[in-house]
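The structure under discussion appears below in the form of structure tokens.
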Amino acid sequence: MPANTKTPPRKTPPRTRTRRAATPYPFDYLDAIAAWRGSVQGKSANQKTGPILTTYSHPATCPATCPLYGGDRGPDGSRVDPGAECYAAAGYYTRRAWAGVRLTWSESLAKIRAARAPMARGNVAGDIIHAAGRIVRGAAIEWAAALSKDGTRPAWTYTHHAPTRENLDTLAAMADAGTVVNLSASDPGEAFAMMAAHPGHPVATVIPADSPPVIRDQDGRRIVTCPASRREGVTCGTCGGGRPLCARGDRDYAIGFPVHGAGAGKGEARMRAATARAAGVVA
Ligand code: SF4
């Protein structure tokens, strides 16, 4: 048999590799990133926060489950228009600032990182980026790291997203990235229930306007009224002697915000009814 009639060795086909997407975000959340809009105030003029870094996120970031919601909803149930009872929509300036959010996700992150403010309060209005109630983990952690400048300045925010196991895991990862996330309750009874159900996650809540400085339940849990609501001249910038109470992830009490503004009457009525129904609120 001639040499050149030998069967040639079989070539191993090149291995096909599954390419990983270059983006850090899960593919199905890309729409949330693209649709997101926000604003950044490098030195806020808000009298309550003081001259710190603040941000706003578009009303569509508010979850459909927020009980303070009262406006129109988008097709996925998220808010497209603030409702009257929402504290953020009740204040004239806050509402105006909220309506003016224009920055894209990447523009916002760049501006947050460039700001020299010594501390940051994320989402004076609006909530953490989500897709149908699931917090977009990669994006949320990136935002948390930017807000805290990689843990070099106190940073905090609040969320009304449902405390599912998945969302709570993401909130813990955001805290690791330097931003403390307070679970938002809608009345003192719910706040105490959240403290009991989710230890390790700080809680904040709205409270009736005439609440005492400290509200307790029968198990000794406490809700401490935000000092800026009680004392003239206190702001987030001066709160806690430079360690803002809302930025303390390890505190054993919730923060209470007295209702105010246009939605206060409706909010108080709902809150008093809910608090009356809740077991264990003693003062
Ligand atoms: S408790 Fe302190 S940090 Fe929190 S909102 Fe009030 S003043 Fe700001």
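Just checking, which of ARG96, ARG116 is out of contact with any Lys or Arg (no Cβ under 7 Å at 6 or more places or on another chain), farther than 25 Å from LEU245 by Cα, among the basic types (Lys, Arg) and away from the ligand (no atom under 16 Å from the Cβ)?
Within the list ARG96, ARG116, the selection yields ARG96.
Taking the condition of being surrounded by fewer than 24 Cβ atoms within 10 Å (Cβ to Cβ), under 19 Å from SER57 (Cβ atoms) and out of contact with any helix residue (DSSP H, G or I) (no Cβ under 6 Å at 6 or more places or on another chain), how many residues in region 164-177 meet it?
Of the residues in region 164-177, 2 are surrounded by fewer than 24 Cβ atoms within 10 Å (Cβ to Cβ), under 19 Å from SER57 (Cβ atoms) and out of contact with any helix residue (DSSP H, G or I) (no Cβ under 6 Å at 6 or more places or on another chain).
Please determine whether any residue of region 196-217 is near the ligand (Cβ under 9 Å from one of its atoms), farther than 19 Å from ALA155 by Cα and either surrounded by 15 or more Cβ atoms within 10 Å (Cβ to Cβ) or of a type in the set (Asp, Glu) (or both).
Quick first cut of region 196-217, residues near the ligand (Cβ under 9 Å from one of its atoms) only: 204.
Okay, now just the ones that are also farther than 19 Å from ALA155 by Cα, so none.
No, region 196-217 has no match at all.
Quick check on region 218-242: of everything there that is within 11 Å of the ligand (Cβ to nearest atom) and among the charged types (D, E, K, R), which residue is farthest from the chain's Cα centre (by Cα)?
ARG231
With the requirement that a residue be within 16 Å of the chain's Cα centre (by Cα), of a type in the set (Ser, Thr, Tyr) and either in a helix (DSSP H, G or I) or at pLDDT below 95 (or both), what does region 106-155 give you?
SER108
Evaluate the following for ALA191: is it part of a helix (DSSP H, G or I), touching a Lys or Arg at 6+ places or on another chain (Cβ under 6 Å), crowded, with 24+ Cβ neighbours inside 10 Å and among the small types (Gly, Ala, Ser)?
no
Which condition from (1) at positive phi; (2) at pLDDT below 80 is the one that GLY50 breaks?
So GLY50 meets the others, but not (2).
From the list TYR25, TYR56, TYR69, exactly one residue is modelled with pLDDT of 85 or more, under 25 Å from THR170 (Cβ atoms) and either of a type outside the set (Val, Ile, Thr) or assigned to a helix (DSSP H, G or I) (or both). Which is it?
TYR56
May I ask you to say which residue of ALA191, ALA172 is away from the ligand (no atom under 16 Å from the Cβ) and out of contact with any Cys (no Cβ under 6 Å at 6 or more places or on another chain)? Break it down stepwise before answering.
Details: ALA191 fails: away from the ligand (no atom under 16 Å from the Cβ).
Only one candidate passes the filter, namely ALA172.
Select from region 90-105 the residues that are modelled with pLDDT under 95, surrounded by 17 or more Cβ atoms within 10 Å (Cβ to Cβ) and among the aliphatic types (A, V, I, L, M) and list them in ascending order.
If the condition is that a residue be modelled with pLDDT under 95, surrounded by 17 or more Cβ atoms within 10 Å (Cβ to Cβ) and among the aliphatic types (A, V, I, L, M), then ALA90, ALA97, VAL101 are the ones that fit.
Quick test of your reading of the structure: ALA185 fulfils all but one of (1) among the small types (Gly, Ala, Ser); (2) within 16 Å of the ligand (Cβ to nearest atom); (3) without any contact (Cβ under 8 Å) to a residue 60 or more places away in the chain. Name the failing condition by number.
ALA185 satisfies every listed condition except (3).
The values are calculated or read from the model by the stated rules, or taken from the named source; none is laboratory data. None of these values were measured; they are calculated from a predicted model. Cβ: placed from backbone, ideal geometry, glycine included. Neighbour counts: every protein chain shown.
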